[in-house]
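Report on the structure given below.
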Amino acid sequence: MSIRLEDFPNELSLNIFKYVDTRDLFYGFWQLNQRFNQLLQSLKKHILIIEKSESKLISIFGCQIYKVIVDTCLDINFMKFSYLHSLVLYDITETHLTQIRTKFMPYLDYLSIPSNNQSWWTYRLIERIFSPELSSLTTVNLGYFPIFKPSHSYSDYLHSMTVYCNSPFIVFDILRLCPNLSYLRVRFHHIHNRYFPMLSSTIHHSLKYFILLDSSSILSFNHIDTLLQYIPNVERIRLNFKCDVPFIRLAQMISNRLSYLYEFNCYIDILSEDDDDDIINLEIIRQIHPCFHHIQCNIDDFGCRTYITN
């Protein structure tokens, strides 16, 4: 006995449609019959990747689109996406920029700008992120964060941020501009200035989860020590860098700086020549703080040590 899709109950059809691309739904099922039209228009949380003009599709499904990924320099009327919560911009134009404001996108809470998007309009958009014009945002993913001098703006609504940056100064700019930030993930690359400032700014009390990725040997123990002084309430931390002091010294510093720490993860290469006793001290390291109980030390064929957590 053959089974036709038209014979499926509405509940089953809706569950199937949840796994079908928005464009395939439109070109494959729209206008087949009134029942399918009604089912398609009842769906929420569509995801749409825009690579070319999709005016007809957007006119039908625009108010149901939850996430838009823009990979074209064509002008897009974002006003059609009245339900938009998530926006990813591989390309951005001046027309796009004029529309990316909370008054036009009242539900927008996530914004991502991939690292290959470094146009002039991207810089302007990053400035807007730290202003009341995008007060709906709570989470941003900035593939590239340039050094810039924002006006006297700040964002007390951002709670989560991921950034790629090339200067330690940027970390302090973010902490200063986002007093309520609770999650921060920073990856360093192509750094221009290794100097870490000792600023007199107020301590950042809201940050709870901090991830630092530095596989290019940009930061040192002193950099990490300086930074942790400004985020004393961190509860979860992940560090990936090349440390220039024995690991036991790093562990003691982290334990002293972060009184509320309950989760520690790391992938840390030790560059110091004074770490011969670290293997002997591994049990001592584990006893410094309960979060260090699962630290392991791997030694390669050249005697280089890497401290990791499972």
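Pairing each residue of the stretch 290-309 that is under 15 Å from residue 252 (Cα atoms) and modelled with pLDDT of 90 or more with any residue that is of a type in the set (Phe, Trp, Tyr) and outside any loop (DSSP other than H, G, I, E, B), provided the two are 6+ apart or on different chains, yields C-beta distances under 9 Å for 291/264; 292/264; 295/247; 295/264; 295/307; 307/247; 307/267. Between 58, 92, 100, the distinction of being over 27 Å from residue 157 (Cα atoms) and modelled with pLDDT of 85 or more belongs to 58 only. Considering only residues in the stretch 180-196 that are surrounded by fewer than 19 Cβ atoms within 10 Å (Cβ to Cβ) and at pLDDT 80 or above, the one that is farthest from residue 237 (Cα to Cα) turns out to be 180.
Please enumerate the residues belonging to the stretch 233-249 that are closer than 14 Å to residue 214 by Cβ and either in contact with an Asp or Glu (Cβ under 9 Å, 6 or more places away or on another chain) or modelled with pLDDT of 95 or more (or both).
Here is the first cut: in the stretch 233-249, the residues closer than 14 Å to residue 214 by Cβ are 237-244.
Those that are closer than 14 Å to residue 214 by Cβ and either in contact with an Asp or Glu (Cβ under 9 Å, 6 or more places away or on another chain) or modelled with pLDDT of 95 or more (or both): 237, 238, 239, 240, 241, 242, 243.
Can you tell me which residues in the stretch 1-36 are farther than 20 Å from residue 67 by Cβ, of a type in the set (Ser, Thr, Tyr) and surrounded by fewer than 13 Cβ atoms within 10 Å (Cβ to Cβ)? Matches in the stretch 1-36: 2 only. Restricting to the stretch 225-273, give me the number of residues that are surrounded by fewer than 19 Cβ atoms within 10 Å (Cβ to Cβ) and in contact (Cβ under 8 Å) with a residue 60 or more places away in the chain. Total satisfying the criteria: 0.
When restricted to residues that are of a type outside the set (A, V, I, L, M), surrounded by 14 or more Cβ atoms within 10 Å (Cβ to Cβ) and touching a helix residue (DSSP H, G or I) at 6+ places or on another chain (Cβ under 7 Å), the stretch 65-82 contains 4. Return the residues of the stretch 204-234 that are closer than 12 Å to residue 184 by Cα and of a type in the set (D, E, K, R); say none if nothing qualifies. Correct list: 208 only.
Can you go through 295, 299 and tell me which one is of a type in the set (Val, Ile, Thr) and touching a Phe, Trp or Tyr at 6+ places or on another chain (Cβ under 7 Å)? It would help to see each step written out before you state the result.
Values: 299 fails: touching a Phe, Trp or Tyr at 6+ places or on another chain (Cβ under 7 Å).
None of the other options fit; the residue is 295.
Taken over the stretch 158-179, residues that are modelled with pLDDT of 90 or more and either part of a helix (DSSP H, G or I) or more than 23 Å from residue 223 (Cα to Cα) (or both) amount to 2.
The values are calculated or read from the model by the stated rules, or taken from the named source; none is laboratory data. Worth saying up front: this structure is predicted, and the values here are computed from it rather than measured. Note that we place each Cβ from the backbone using ideal geometry, even for glycine, and neighbour counts take in every protein chain shown.
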